[in-house]
Structure formats: C-alpha cells, structure tokens
Amino acid sequence: MEGERVDIKDLVDPSFLQDFQDNFALCVGVSSLTEDVKGNALTQSSYFTECCTNIIRTSEIGLQRCRLCDMRGGEEAARTGKPAVYKCHAGLTDFAAPIMLEGIQIGAIFGGQILTEPPNEQRFRKIAREIGVDSDKFMAAIKKVPIVPEESIQAAARVLFSVANTFSKMAYQTLMLQERNRELVLANCRMNNIFKTMSDGVLIIDEDGIVKKVNKITEHIFGKPASELVLNSIQELVGAKAPCSEKILQRHEVYNDIEIIIDTNAGRIHCLSSGSPIMDNEGIASGGVITLRPMEKVQKLINRFSGAQAAFGFDDIIGQSPAFLKTIKVASMAAASMTNVLLEGESGTGKEVFAQAIHNNSVRCKGPFVAINCGAIPRELVGSELFGYTDGAFTGAKRGGRPGKFELASGGTLFLDEIGDMPLDQQVALLRVLQERKITRIGDDKVMPVDVRIICASNKDLADEVKKGNFRQDLYYRLNVVSIKIPSLRQRQEDILLLFDYMLDHIGHEWDSKVKYIDPEVMWLLKDYSWPGNVRELQNVVERIISIADGDVVRLEHLPESILNNTDKIDEVPPLSHLIDMEDIRENRKHLFAEKEYQRITSLLTQFGGNVSQVAREMGVARSTLYRKMQRFNTPN
C-alpha cells in the first residue's frame, strides 16, 4: 500500500485528533500539531508559542523550513520505530511520533517549540536574519518560550509515541472496516444485478412469510408492480397450499421444481417453484428465497432440446405436377391464417412435412411444433398424453405429474397425426378444448388456458368415418376449416424421378455412395410402379439401392421384388443405347428449384411492396444474399 494513496482524514477523525492534541499540549505545556506525510496540517495548532505562530511561520523561508523539519522528524521516527527528539531550524526543541498504516507512514503528531536551556542571543539573532524576520521581535518571542528539562521532553515524546500507535491501530481498523464495507457493497451490487437479470421470478420473504423484495420478472408474472406485491403475505400471492408455506417457513427445508398454479391479473399461470430458507450464522431462519419459472418457459426448453421443432419448409417439398403445386399453394395460404387445418392423404404422402411447412410459414414459427400420433397411443393413455396429469392421478402416474402435449405446444402448433384413430370419448374432450381453449389435467380441478393451433392429419376419409359413426360430426366440422388433400405418388408420376434423384443424391451423399448412372429400365419401372407406400416407400427403395449397389450404376437387380414383379412392363421400355447420367437429372432439378426460388422472391417482393429488408427477413437470408439472388435471376425491385 502506498501512503500517498491513503488520506489519514478518512481513517482517523480529525476532531478526535484535535481534542487529544489540545489536551496533550495543555497538560504537558508544549505546542502540538498533526500533519500528513506531505507536511499539510490536519489540525489547528495547539498552544503554539507566539514565536512560531506569529514570527517564524509568517516568513516563506521559515514556513518551508518548518515543514521540512516536521517531515524529517516524522520520517526518522517511522524509520527507527521510536519517538524522534530533534532541534528545529529555528533552534527550538521538537519531538515527533509517526502514525503508521501497515508499515507505511501516513502522518505524524508533533510536540515541542520549547527550549532545554536559556537562549543564546547571538545564535538566535543569526537565525532570524537567515529566515528573514525582525531579529528584535524574534528575540523577544524566544525569551517567552518555556524551558523544559531534557528528561521531561523524552517522557512527553514517549507518551506521544504511545498515543500515535493507538491512532495507527485505529487507522488500520478503520481501513479494514472500509475494505469490508466496500466488499459488502460490491457483493450487494452483484447480488442485485443477479437478482434483476435472472430469467425467473424471484421473491425474498422474511421469517413471517411477508414479501420484502421482488424482481422485474415477478412483476411480469403477476401483472402487478412491485409496490402491490411487497408487504403481502406469500400465501396470499401463491396460495396457502403452496409448498413455500410449509417447507421454508415451518420446516426450513429446500424444495425444487414443484408445480403450482398462480392466480394473476392475466388469469391462472402454471409455474415451477423452487425455494430455499435464508439462515443466519447461528442457523436461525430469517426468511427465504422463492423462484417462479412459468411453465411456458420450461416447455420451450423441453421442446428446444427434445426436438419439438419443425424442420421443413415449403422449399423442402419437392414436386412439379400441377396437382401437387396446387396443394402447396393451398397449404401456403393456410399458413398465413390461424385456422385449424385438416391434411388428408394416404400413408407416406408427407402429411407431417406439410404440417411442419405450414407451421414454419406461420406467425407461430418461433413457437414449438409438437407432434403426436393418435393411432400409436393405447386408448386409455390418449387423454393423459394430450392433457397431462397430476401427481397420483392414476396407478403408474409419474411422481410430480406431467404436462400434456397441449401444454408443451402452447404458443405454437400441435400436430395430431392419424386423428381418425382417436377414441370417441377423447374426441369429446378434444372438442371442448378446441372450443374453450382451456385444459384440465387428469386428476386436477384447475383450468389452464392454452394457445395452440391445431393441424390434423388422417389417412382415412373423415367424412366417411362420420357417416360410419366412428368420428364425431361436430369435431369434424371444428377441424375441417381448411381441408388439404395431398395427392398420392401414383397421382403425380412426373414427380417420381425427381424425388428418386433427390433422395439418391441426398442419401447417397450421407452414405458416401458411388452411384452416378441409372439403367433406363430402372427409371421406367420406377415411374410405372403404383407406389402404395408413396414417398416413404420410395425412400426405402433408394436406401436399399444405395446399400446393395456395388458399382456406379443402378441396375434392375438392385430393385426390390415388389417392383420387379411388373416384368411385363420391361418390354415397354423404349430403346435407349446409353445409361442415364445422374448429373443431367440434377441439372433439371436445380433448374426447377431455381424457378421456385424466383417465383418466391417475386411473390414476396409484391407482398411487401418491394421492401428488400422485409423479404430477406421473411426468407431468413441476409440482404446481400437476396441482392445476389435477384441479380442472378434478373429480378426487378
């Protein structure tokens, strides 16, 4: 620590120094003064003689020499660790005791301005001339200076040194206290910053359960300012049955991630709550800290890391047949609305791909996309999967309960695949949710609002299922707001080779395939095959070909028996003397994709009035990238 960086006035009370100094000077009969290490006076001079006050220090030379003497006296005492007794420049006897801080001098207390013997007039008149003062006045003042025996001066110096040591200890204790206070202030600032920036709601309560402090997130959760939350009982805010009441206030226990329902200005909010008691150094509870995390945030995290996100957009849907392009157009128009959508088509036609594309092109694209296959869930578990359940709702229920798919999809899209297989009793519950936009977990009586868009899919004709009594008519009309029928692969034969090439290229790249050419007989059979499994079956065929092909040519023997059984069609293959180059097909596909991209850019430019920034944002690309595409397509702005 450097002494010049420490101000003694901040460590020792100057008024206390002044009182001691005045009493010391009065009792001992000497002058006294306290200075810092630079010679600046910290106190008023006590009992200073006329000689020093009115004569010596009125001269510029005299004042400078006094300061220099004081500094040297203090430094000598600090160096030797003993009080310094010395002759000042004016011939008087002074003594000094240093005030130290961690081995560094920060000031000194001075006493003296006395004589140990009668003054020598000749010597003092010479001193007067050296410092530039009137020698007669100086000599007259010197004769009034008290004469004190040497042993009395030494005794007074030791007393002053002892007191200075006490001041040194006071200075150190004050410094330590200031450092501790600074650390506490810094720690408090850090805690406040953490408190303010936490993404969860935080409430601090006292030992009686009274809220003392809340952060901004808590205000947002309750829809109230802090002034309306502070000084309220925690039971009034989160409910008397909330775990915080018993675990923190009575048992003084920590609890984690317990679900609670909070009544707020915006309605009921489902939260995960954790809490911990605040204990003092004697182990006595003085309150607690409670955190609230809205279940919506939890669900977003779950969806984010569990893959509940839509991966496909309309650009990923491959096809150029008129019927299929019309289907894409209707789906893209449905994406812009908030209505329920019903996708109908055979198994394997890509209904979930369309559902994801609709979600990704809707205003809910940043929310979760949660899919559930209604036909793959046991009848008795459909309700718990959709609506969730509470702790102990039924035998085998997970402890603590579990949110349903409606809760997980809140703020996004819920895709109900194979909706035609849903049991009738659950269709009633689903209809009620669609009408009221509220759910109740199984085993609970608390109603929770949900904000979900429904997209359903079925490989059955739901209108026919209604006639058969297998599907509720009122639910059908509620779901069938926008109906989209996805054509089967045999209904768009011109897309078969396009899809085959895309899959062969895409999967082949992942599997490091060497296939470059295709036997024309293979292409003919693929196009003529009925594809009962649709696109899914085509993908399986491509994976089979890549797995067993031992060269760079796809031949008939690489096809499955189901396709080769159409042997009568082989005779109809037009005569081709050369293999089909995959690169030629890929060039055609690239041209098709470029055409689709051009149409999308021009459509968006029209939609947004030529605003390139909005178009780039909608497409998810940088403006510079969009400008390059527009230049390549020669697109007018």
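For THR395, THR349, THR339, the ranking by accessible surface with the largest value first comes to THR395, THR339, THR349, using a 1.4 Å probe. For segment 141-175, the list of trypsin sites (Lys or Arg not before Pro) that fall in a loop by DSSP and count at most 15 other C-beta atoms within 10 angstrom reads LYS143, LYS144.
Taking all protein chains into account, the per residue accessible area for the chain stands at 52 Å² (1.4 Å probe). Straight-distance candidates among the lysines for linking to LYS216, with alpha-carbon spacing under 20 Å and chain neighbours fewer than 8 residues away dropped: LYS196, LYS224, LYS297. For segment 5-144, the direction-averaged projected area of the alpha-carbon convex hull comes to 8.3 nm². Ligands, DNA and RNA left out, the accessible area of the chain computed with a 1.4 Å probe is 49% carbon and sulfur.
Taking only the C-alpha atoms of segment 344-433, the Rg (one decimal) and the largest Cα-Cα distance, Dmax (whole number), read 14.3, 41 Å.
Rounded to the nearest 500 deg cm²/dmol, what is the calculated helix-only ellipticity per residue at 222 nm for the chain, with -39500 (n - 2.57) per DSSP H run of length n ≥ 4?
Details: 24 runs with 285 residues, N = 637.
That calculation yields -14000 deg cm²/dmol at 222 nm.
A P(r) calculated from all alpha carbon pairs of segment 173-238, with 5 Å bins opening at zero, reads 4, 17, 20, 18, 14, 10, 8, 6, 3, 1 percent.
Counting only protein heavy atoms and using a 1.4 Å probe, the accessible area of MET619 comes to about 30 Å². Taking only the Cα atoms of segment 192-281, the ratio Rg/Rh comes out at 0.93, with Rh defined as the Kirkwood radius.
Net charge dipole, the chain: roughly 1620 debye, given to the nearest 20, about the Cα centre with Cβ charges of +1 for Lys and Arg and -1 for Asp and Glu.
Helix 322-335 axis versus longest C-alpha principal axis of the chain: approximately 40°, rounded to the nearest ten.
Angle of helix 351-360 to the longest C-alpha principal axis of the chain, folded into 0 to 90 degrees and rounded to 10: 40°. Shape class of segment 514-558 from the alpha-carbon gyration tensor: oblate, with a/c at 1.5 or above and b/c at least as large as a/b. With all protein chains in place and ligands, DNA and RNA left out, the 1.4 Å accessible area ranks HIS220, HIS558 as HIS220, HIS558, largest first. Looking at segment 455-549, the chymotrypsin sites (Phe, Trp or Tyr not before Pro) that sit in a DSSP loop and have at most 15 other Cβ atoms within 10 Å of their own Cβ are TRP511.
Remark: the GLN631-ARG182 segment gains 155.5 nm on full extension, using 0.36 nm per residue and subtracting the alpha carbon distance. Rounded to the nearest Hz, the phi-derived 3J(HN,Hα) couplings of segment 225-232 under the Karplus curve 6.51 cos²θ - 1.76 cosθ + 1.60 (θ = phi - 60°) are x, 4, 4, 8, 9, 5, 6, 8, where x marks glycine and proline.
Accessible-area rank, largest first, for LEU424, LEU559: LEU424, LEU559, with all protein chains present and a 1.4 angstrom probe. Return the whole-Å distance between the Cα centroid of segment 417-486 and the Cα centroid of segment 511-528. Measuring centre to centre over Cα atoms gives 43 Å.
D by Stokes-Einstein for segment 390-480, Kirkwood Rh over Cα pairs, 37 °C, 0.692 mPa s: 229 µm²/s. Relative to the longest principal axis of the Cα atoms of the chain, helix 60-80 runs at roughly 70 degrees.
Quick check: residue separation of ASP316 and ILE61 times 0.36 nm, minus the Cα distance between them. What number comes out in nm? The partial results should precede the final answer.
Working: separation 255, 0.36 × 255 = 91.80 nm, distance 9.38 nm.
Taking ASP316 through ILE61 to full extension adds about 82.4 nm, to one decimal.
Overall size of segment 96-232 from C-alpha positions, given as principal axis extents largest first: 91, 32, 25 Å.
May I ask you to work out the translational diffusion coefficient for the chain at 37 °C, viscosity 0.692 mPa s, via Stokes-Einstein with Rh from the Kirkwood sum over Cα pairs, reported in whole µm²/s?
Working: Rh = 34.0 Å.
Using the Kirkwood radius from Cα pairs, D works out to 97 µm²/s.
The modelled label-to-label distance between ASP7 and GLU494, using points 7 Å beyond Cα along the C-beta direction, is 8.8 nm.
The values are calculated or read from the model by the stated rules, or taken from the named source; none is laboratory data. It should be emphasised that the depicted structure is a prediction, and the values quoted were computed from it without experimental measurement. Please note: Cβ atoms are built from the backbone with ideal geometry, for glycine as well, and neighbour counts cover all protein chains shown. Only protein heavy atoms, including side chains, enter the accessible area calculation; ligands, DNA and RNA are left aside. Shrake-Rupley method; radii C 1.70, N 1.55, O 1.52, S 1.80 Å.
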